[in-house]
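The values are calculated or read from the model by the stated rules, or taken from the named source; none is laboratory data. Because the structure is predicted, anything quoted here is derived from the model rather than measured. Counting neighbours? That spans all protein chains shown, and the Cβs are built from the backbone with ideal geometry, glycine included.
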Amino acid sequence: MNRPAILKNKVFLYLTEFFSGMSVMAVELGASRLLAPYFSSSQIVWTIIIGTIMIAMALGNIYGGKSADKNPDPDKLYGRILFAAVWIAAIPVLGKYIILGISAVVIFTVSTNFLIWAAFAACMIVFVFPLFLLGTVTPSLAKYTVDSLDDSGRTVGTLGAFNTIGSIIGTFVPTFVSIPAVGTAVTFLIFAGILLALGLIYFISKKAGPVKCAVSAVLFLVCCVLGSSGSFAFWEKELAYEGESVYNYLQVREDEKRVILSTNVLFGVQSVLVKDMGLTGMYYDYAMAAPLMTGKENPGECDMLILGMGTGTYATQCGRYFGEMNIEGVEIDDKITHLARTYFELPQEVPVTTYDGRAFLNVIDKKYDVIMVDAYQDITIPFQMSSVEFFRLVKEHLNPGGVMVVNMNMRGGSEGNINQYLSDTISQVFGQVYTVDVSGTTNRELFASDSERMLDNLAAGAQKLENPDLAALMEGVSQSLAPYQPGDRVMTDDKAPVELLGMRVIDEIIKDEVTYYKEIYEQGGVNALLESF
């Protein structure tokens, strides 16, 4: 094989392996961030991403090896790298539209496992082909670098080492550097640019492929212009804030009445600030029954811990209606805490620890009158905060007569749903467990304590409230609370299938929401459907 001059000392080949391995991992992590605002960042979505990417890489390995044996021309490899670079650069421009288009099709054609099918289809269409092309790199480079059987093992081992080192860097840089600093879109463009540079350097050194190089460079520049400032929620025109953290996509919307935080563009509201100091109309209002259940003469004297502080809606509401309570929060995402101080009027004197909720309980000895568990977000339910071991830990940090309130944000109706599992698990720990559905939402609030007087305390406390709106709501909550009849669906640290259980509830919610539009579509077709919006 007549090897081009740039490849004769093998350094450029090793660099190609290094940067291709780096780019594969960067794209994989970017894929999780691109999908998360629409499908969540659960283990299910990660499994789909990893599985589809491994399929792409395996097929690329097979094709690359056969292609290199049949026609060992490096031009073809570096041409594929240029193509992959342009495709990856186009993901920030087109990816969100493709994902929403796929979701719209799947939601009207699939009756179960919507999340799995939509996420799988999105991964196959958006990510498989460029990673298939990058999968051809290793077998092709092995063909070009191995000179004889005497050094084949060492050469292939060196290629593998460069690929692995690149993959390691490609894992850490997006997560801890580029995505938090410049966002997912620019991260895709950065690594696409690296691949583009590899291809351009190769062809320019050969003084070959001018058209191919020019077209690739122009398309890349177009993608940089169109994709570098794109919004995940592109239909939202007046967002107060949109950004990303290590953990979340973050979106703040503000109008004359409310400020709203969303971490997922398809699954609703995570936090809200009501500007006129009224009730939110959400689960935060129902959860204010917990301080009354403790039986304290003045609920404002309660010591409260909120696991999953968010932007502090629950803390703010309790402070407004019960006075300046002693409230602490734990929030794993420090950017959300920053947004809480900036947009949601969370006072500086309310301490918020940036930590995992369970890990926080493991390292403190303090006890509280109320512990709010608000760490469940759409399908993303941390298993370590849903097990019997976790709820035992919560109970250990409650004062006598203390109350735990849990926001179960997806109210399932089928037998064996996620809320039944959570309630059964909690019932293994607490003697008194009551639930109430939050009107007009998919939320269900659970109150747990070992105090048999928790309901009597709530009824008595509701009568003493000076605010008529809150008093009426608390009276309604008191009358609506139902004692939970426990079963044997207990989740443990060893076995807590929260992702699959949550996915089933999402399927139910989607079915209910879509049934109306399906009927319109079946009766009047696409035109009738469009007119209904």
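Residues in the stretch 397-404: is at least one touching a residue at least 40 places away in the same chain (Cβ under 8 Å), among the polar types (S, T, N, Q), surrounded by fewer than 23 Cβ atoms within 10 Å (Cβ to Cβ) and within 23 Å of Val477 (Cα to Cα)? For the stretch 397-404, residues touching a residue at least 40 places away in the same chain (Cβ under 8 Å), among the polar types (S, T, N, Q), surrounded by fewer than 23 Cβ atoms within 10 Å (Cβ to Cβ) and within 23 Å of Val477 (Cα to Cα): absent.
Condition first: touching a strand residue (DSSP E or B) at 6+ places or on another chain (Cβ under 6 Å), hydrophobic (A, V, I, L, M, F, W, C) and assigned to a helix (DSSP H, G or I). Now tell me which residues in the stretch 277-309 satisfy that. Selection gives Ala287, Ala290, Met293. If you go through the stretch 321-331 and pick out every residue that is buried (at least 16 other Cβ atoms within 10 Å of the Cβ) and modelled with pLDDT of 90 or more, you end up with 7.
Would you say Lys237 is out of contact with any Phe, Trp or Tyr (no Cβ under 9 Å at 6 or more places or on another chain), at pLDDT below 90, outside the structural domain of Ser23 (by TED's automatic domain parsing) and not small (Gly, Ala, Ser)? Judged against the criteria, Lys237 is a match. The helices (runs of 4 or more DSSP H) found wholly in the stretch 310-365 and carrying at least 1 residues that are closer than 22 Å to Val252 by Cα, touching a residue at least 40 places away in the same chain (Cβ under 8 Å) and not aliphatic (A, V, I, L, M) occupy 313-322, 334-343. Residues in the stretch 15-47 that are at pLDDT below 90 and over 13 Å from the mean Cα position of the chain (by Cα): Thr47 only. Here is a check on your reading of the model: is Pro299 at pLDDT 90 or above and over 17 Å from Val373 (Cα atoms)? Answer is yes for this residue.
Matching residues to (1) touching a helix residue (DSSP H, G or I) at 6+ places or on another chain (Cβ under 7 Å); (2) within 22 Å of Met25 (Cα to Cα); (3) in a loop (DSSP other than H, G, I, E, B); (4) of a type in the set (Ser, Thr, Tyr):
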position	(1), (2), (3), (4)
Ile168	no, yes, no, no
Thr171	yes, yes, no, yes
Phe176	no, yes, no, no
Pro180	no, yes, no, no
Ile190	yes, yes, no, no
Leu195	yes, yes, no, no
Gly199	yes, yes, no, no
Phe203	yes, no, no, no
Cys213	yes, no, no, no
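The set of residues from the stretch 50-104 being buried (at least 21 other Cβ atoms within 10 Å of the Cβ), of a type in the set (Lys, Arg) and more than 19 Å from Gly21 (Cβ to Cβ) comprises just one member, Lys96. As an exercise: evaluate Arg504 against (1) outside the structural domain of Tyr286 (by TED's automatic domain parsing); (2) crowded, with 23+ Cβ neighbours inside 10 Å; (3) not hydrophobic (A, V, I, L, M, F, W, C) and give the number of the one condition it does not meet. Here Arg504 meets the rest and fails (2).
Against the definition (in a loop (DSSP other than H, G, I, E, B), of a type in the set (Val, Ile, Thr) and surrounded by 15 or more Cβ atoms within 10 Å (Cβ to Cβ)), how does Ile371 come out, yes or no? So Ile371 does not fit the description; no.
Could you check Ser245 against (1) surrounded by 17 or more Cβ atoms within 10 Å (Cβ to Cβ); (2) in contact (Cβ under 8 Å) with a residue 60 or more places away in the chain; (3) small (Gly, Ala, Ser); (4) within 20 Å of Val406 (Cβ to Cβ) and say which number it fails? Just one mismatch for Ser245, condition (4).
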